[in-house]
C-alpha cells in the first residue's frame with residue numbers, strides 16, 4: 001500500500017504536531033481500535049441518530065488508521081509488534097463495522113437477512129486482509145495522478161462505507177458489501193494460485 005495518498009496528506013499536518021510529543025504510533029492504533037468498536041456499537045443500535053454518530057466515529061477511526069503509520073514514519077518508531085497490532089486493528093475495524101450494520105438493520109426491510117449479510121461482508125473483509133497481508137499476492141493497483149503519485153489505493157475503499165450508509169442507509173452498504181468483499185477475496189486467491197502455477201511452469 002502507498003504511504004503518500006490523499007488521505008495521508010490530510011492527516012500529515014496533525015501527525016507532524018504529535019511527532020515531538022509522548023504519543024506513540026501504538027497509542028494512535030489503540031485509539032483507532034477503540035473508535036472502531038464505538039462505531040460498530042453505534043451502528044448496531046439501528047436508529048438514524050446512532051447511525052449518523054457511527055458514521056462520524058468510523059471516519060475518525062479510518063483517519064487514525066493512516067495517522068498511526070504516518071507517525072511511525074515521521075518518528076522512525078517502527079516495530080514488528082506495532083505493525084501486527086495495526087493490521088489486527090484494521091481488520092477487526094472492518095469486520096465489526098459490517099456486523100454492527102447488520103445487527104442495526106435487522107429491524108428494517110432486510111429483516112434477519114441483514115445480520116447474515118453483515119456476517120458475510122465481515123468474513124469477506126477478514127479474508128481480504130489475510131490475502132493482502134499474509135498471503136502477499138503482490139502489489140495492488142492504485143489511483144495515480146500526475147507524476148505517478150498514488151492518490152488512493154484499494155485500502156481507501158473503506159471510506160465508501162460511511163458514505164453509502166449516510167446517504168442511502170445501512171442496506172446500501174450491506175448488500176454490495178456482502179457481494180464485493182467475498183468476490184474480491186476470491187479474485188485475489190485465484191490470482192495467487194495462477195501466479196504460483198505460472199512460476200512453477202517456468
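The values are calculated or read from the model by the stated rules, or taken from the named source; none is laboratory data. Quick caveat, the model's predicted, so the values are computed rather than measured. Ideal geometry is used to build each Cβ from the backbone, glycine not excepted, and the neighbour counts take in all protein chains shown.
Numerical summary
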item	result
Criterion violated by residue 68 - all others in (1) more than 18 Å from residue 160 (Cα to Cα); (2) under 15 Å from the mean Cα position of the chain (by Cα); (3) touching a residue at least 60 places away in the same chain (Cβ under 8 Å) satisfied	(3)
Any hit, segment 149-162, residues being assigned to a helix (DSSP H, G or I), modelled with pLDDT of 90 or more and within 18 Å of residue 44 (Cα to Cα)	yes
Odd one out for residue 169 among (1) modelled with pLDDT of 85 or more; (2) at negative phi	(2)
Residues that are under 18 Å from the mean Cα position of the chain (by Cα), under 17 Å from residue 61 (Cβ atoms) and surrounded by fewer than 17 Cβ atoms within 10 Å (Cβ to Cβ), drawn from segment 2-36	10, 30, 34
In segment 48-80, residue surrounded by the most Cβ atoms within 10 Å (Cβ to Cβ) [restricted to those that are in contact with a helix residue (DSSP H, G or I) (Cβ under 6 Å, 6 or more places away or on another chain) and not in a helix (DSSP H, G or I)]	77
Selection within segment 5-37 - assigned to a helix (DSSP H, G or I), over 14 Å from residue 86 (Cα atoms) and free of Cβ contacts under 8 Å to residues at least 12 places away in the same chain	9, 13, 17
The listed residue being under 18 Å from the mean Cα position of the chain (by Cα), in a helix (DSSP H, G or I), modelled with pLDDT under 95 and under 29 Å from residue 48 (Cβ atoms), out of 118, 102, 126, 122	126
